[in-house]
Structures are given as C-alpha cells and as structure tokens.
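Here's the structure, in structure tokens; my notes come after.
The values are calculated or read from the model by the stated rules, or taken from the named source; none is laboratory data. Because the structure is a prediction, the values reported are computed rather than measured. Reconstructed Cβ throughout: ideal geometry from the backbone, glycine too, with neighbour counts over all protein chains shown. Remember, those area values only see protein heavy atoms, side chains included, never the ligands or the DNA or RNA. Shrake-Rupley method; radii C 1.70, N 1.55, O 1.52, S 1.80 Å.
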Amino acid sequence: MSAPDQSLLEALLDSWNRNNTILINLLRAIPDTGLETRAMQGSPSVAELFSHIHYVRLVFVAEDAPEFASELPREEWLAEPDRERMAQLLQGSAKAVRDAVKNRAEAGCEMDVHYDHPILLLQHMIWHEGYHHGQIKLALKLAGHPITNKEAGPISWRVWMNKTKNK
C-alpha cells in the first residue's frame with residue numbers, strides 16, 4: 001500500500017476502534033437492571049442486542065475472511081448477564097473484524113462472500129451497531145432509565161470527535 005492509502009486505512013481502523021469503545025462504554029453505562037430491559041414485549045432485551053452484535057461480527061468474519069474466524073456462539077440472541085464478560089467478547093470480535101479488514105485491505109483482496117472491498121465490511125458493522133445502539137437507548141428510555149445527553153456525551157460523541165494526535 002502507498003503511504004496515503006496506509007494512512008487512510010489506519011484512520012478507518014481507528015474509527016472502528018472508536019465505535020467499539022463507544023459500544024462498550026454504553027454497555028458499562030447501563031443500570032444494573034437495564035440489561036433485561038426490552039423496548040416492548042417480544043423485542044430482544046438489551047443484553048440480547050449486545051450478544052447479537054457480537055455474533056454478527058463473528059459470522060461475517062467467518063464468511064468473508066475465514067482465516068480470522070473464531071468459534072461462533074451457540075446462539076445469536078443468548079443474553080450474557082455478566083457485563084464484563086460481554087465487554088471481553090465485544091473486544092475479541094472487534095479485533096477479529098479489524099484484523100480481517102486490515103489484512104484484506106493491505107493485500108488488496110476483496111472479501112470472500114459479501115463485499116467488493118474490505119472497508120465495506122467495516123462500514124456495514126458500524127451502521128449495524130449504530131442502529132442497535134439507538135434501539136438500546138430507546139429501550140432504556142421507555143423503561144424509565146434514560147441515558148441523558150450529559151451522560152452520553154463523554155462516552156460517545158467525545159470518543160468520536162477527540163483528536164488523538166497532537167498537530
């Protein structure tokens with residue numbers, strides 16, 4: 001890869017790291033009873049949504065870059081009640097996505113099944129997780145456990161917008 005291409009790839013991978021940090025920050029900000037919360041009867045619980053995100057990451061890596069695959073959870077919507085265990089699982093699946101995208105992009109290879117370019121996997125995952133992030137926050141709000149803008153700012157928007165390098 002040329003230096004500008006490598007710089008762009010690193011910026012995109014940094015966005016993925018920030019996305020995962022925000023997701024884990026949200027997980028840790030949820031009140032103790034919040035993991036069982038559902039937006040409505042028949043909807044997945046907050047814990048099930050986090051498990052689904054983890055599962056989807058691993059499925060797409062397994063299908064599109066199997067050399068980075070790990071064992072899939074036995075169920076997609078299985079609620080993990082241990083918040084720190086779920087954070088560890090999310091860290092692991094985020095690393096698998098990052099490594100798959102980085103390797104395939106540097107090698108100039110498309111993904112095996114779904115994407116013409118590895119960056120499209122990254123963008124799909126960020127979009128997918130943002131969708132569920134909103135569902136989680138709405139479920140909490142409906143249940144009387146809203147995460148206020150004052151609480152959300154430092155754990156989400158500030159993570160996206162802070163510069164990490166001194167200029």
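What to note about this one:
- Given (1) over 22 Å from Phe60 (Cα atoms); (2) modelled with pLDDT under 95, index of the condition Ala139 fails: (2)
- The single condition from (1) touching a residue at least 40 places away in the same chain (Cβ under 8 Å); (2) over 11 Å from the mean Cα position of the chain (by Cα) that Gln41 fails is (1).
- Residues within the range 17-57 that are open to solvent by 10 Å² or more (accessible area, probe 1.4 Å), closer than 16 Å to Arg98 by Cβ and either among the hydrophobic types (A, V, I, L, M, F, W, C) or not in a helix (DSSP H, G or I) (or both), tallied: 2
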